[in-house]
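A.B. asks: Sharing a structure, written as structure tokens. Questions coming.
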Amino acid sequence: MKKSSQKIVIAAIIVVAACTAFLCGKNVEKANNKKVQELNVKLHRSDMLALGQIDEPIYVTGHKSPDSDTVTSSILYANFLRELGYDAHAVVLGEVTNEPAYILESAGVEVPPLLEDASGKTMVLVDHSEYTQSADGLKDAKIISIIDHHNDGAVTTSTQLVYDARPLGATATIIWIRYRDYGIKYNQQMAKLFAGGILSDTKNFQSTGTTEADRIAFSIVSKEAGIKDADAYYKEMYKAKISYGDMSDEQIFYSDYKEYEINKKKYSVGMVNVYDENDAKDMVKRMKSIMPKAAKDKGMDYAFSIIQIYHDDIGITYLAAADEKSDEILQKTFGDQGTYSDGAIVINLIVGRKRMFVPAVNALLEK
């Protein structure tokens, strides 16, 4: 064999050997990654396994006045538990309003049934951890998990539980992370629920509580859900949200309503969404006219309405109070952040209930 031919053969052998070594290395790396992933899944799943055998039905619920994040999270986490082999059922604690109803309809998912009493039942709470916001009879229930993105609430348990609370923009994002950690797959319907829950609670990523985790989760689930134009989808959600139709002022106030207690003081906060400033001013008058009675009926010391405009590049918040003592709280907490106009403090940004409003009021009332 000529020297030139020998060189070609040797070069070819070297190339083949190098490629073989590279591919073997890749296969080894892939096998090692798979082992790491399997170990991670095993570690994450150990938290539910540590709770022991659970044969009875598990009811997964969000808070009263169910919004989009609460409804979608209930369904998503019930599905999550079923994939792990539990008899889990999503339930709601009140009438589902237009925005979550739109998300469920677009995903082809039915509205969960109403749970009237949690007494004696095995419960998982999502998107809340307050007795005042949760199911009647909860103190007589067995709570095995809380999945939330708010501050820790008054709910306590006498036994161990899975508690996953993270400062993310949506509870749906936390649940999506848990799906990944547990190695659980989900279908296109669930992907659309993830997308709707995240978009709603981050207000299309305009909310100050939005995190990188919310953005990453949405970028993945929106593709899986077949949502090609997120802004257009959110616009339809928002149209549904502000379509109050024939609802009374009381029904509007209670449609996204939460109660809190701090330092033996009770207060309530209703969230209302409108399209423009004229609608906001009108809604301020309407909410101020019914809040005093609502506060009295519910035994609240203070009552507030957060009226917001958030679409396209607009983000404005109107803060309205039920009475003089409630208005004094508003002035002390947010008076220097906006201007007082038409019976409300007007602030040119989105004042989130969990991230800004409640912490500010709690800090004041603690004093």
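What follows is calculated from the coordinates using simple rules that are stated; it is not laboratory data. Please read these numbers as outputs of a predicted model, since none were measured by experiment. Quick reminder, even Gly has a Cβ in these numbers, built from the backbone with ideal geometry, and neighbours come from all protein chains shown.
A.B. asks: Cross-link list K296/K325; K264/K293; K285/K367: which exceed 25 angstrom alpha carbon to alpha carbon?
C.D. replies: Numbers: K296/K325 13 Å; K264/K293 20 Å; K285/K367 30 Å.
Long pairs (Cα-Cα over 25 Å): K285/K367.
A.B. asks: Top mean-square fluctuation among Y238, Y340, Y318, Gaussian network model of the chain, C-alpha springs under 10 Å?
C.D. replies: Its mean-square fluctuation being the largest, the pick is Y340.
A.B. asks: Relative contact order of the range 99-179, please, whole-number percent, based on alpha carbon pairs below 8 angstrom and at least 6 residues apart.
C.D. replies: Rounded, it is 24 percent for the range 99-179.
A.B. asks: While we're here: Of the listed values (1) 1.22; (2) 1.01; (3) 1.06, identify the label whose number matches Cα Rg over 2.2 N^0.38 Å calculated from this model.
C.D. replies: Checked against the structure: label (1).
A.B. asks: Here's another thing I want to ask about it. Translational diffusion coefficient, Stokes-Einstein: compute it for the range 252-367 using the Kirkwood radius over C-alpha pairs as Rh, at 25 °C and 0.890 mPa s, and state it as an integer in µm² s⁻¹. Kindly include the intermediate steps, with their values, before the conclusion.
C.D. replies: Numbers: Rh = 13.9 Å.
Value of D from the Cα-based Kirkwood radius: 176 µm²/s.
A.B. asks: Let me ask something else. With the contact rule set at Cα under 8 Å and sequence spacing of 6 or more, what percent relative contact order holds for the range 198-282?
C.D. replies: Numbers: 51 pairs, mean separation 15.3, N = 85.
Reported as a whole number, the value is 18 percent.
A.B. asks: Rounded, prolate or oblate: pick one for the range 209-294, where a ≥ b ≥ c are the square roots of the eigenvalues of its C-alpha gyration tensor, a/c under 1.5 means rounded, and failing that, prolate if a/b is larger than b/c, else oblate. Write down the numbers at each step before the final one.
C.D. replies: Numbers: a/c = 2.95, a/b = 1.58, b/c = 1.87.
Note, shape of the range 209-294 comes out oblate.
A.B. asks: Starting from the Cα of E110, step 7 Å toward the Cβ, then list every residue of the range 62-79 with an amide N under 19 Å from that point.
C.D. replies: 62, 71-79
A.B. asks: If you don't mind, another one. Given a 10 angstrom Cα cut-off, can you work out which residue in D148, D279, D256 is the most mobile in a GNM of the chain?
C.D. replies: Greatest mean-square fluctuation among the candidates belongs to D279.
A.B. asks: Which pairs, out of K258/K332; K42/K223; K185/K223, put more than 19 Å between their alpha-carbon atoms?
C.D. replies: K258/K332; K42/K223
A.B. asks: Also, quick follow-up: In Å and whole numbers, how far do the C-alpha atoms of the range 189-233 stretch along each principal axis, longest first?
C.D. replies: 27, 20, 13
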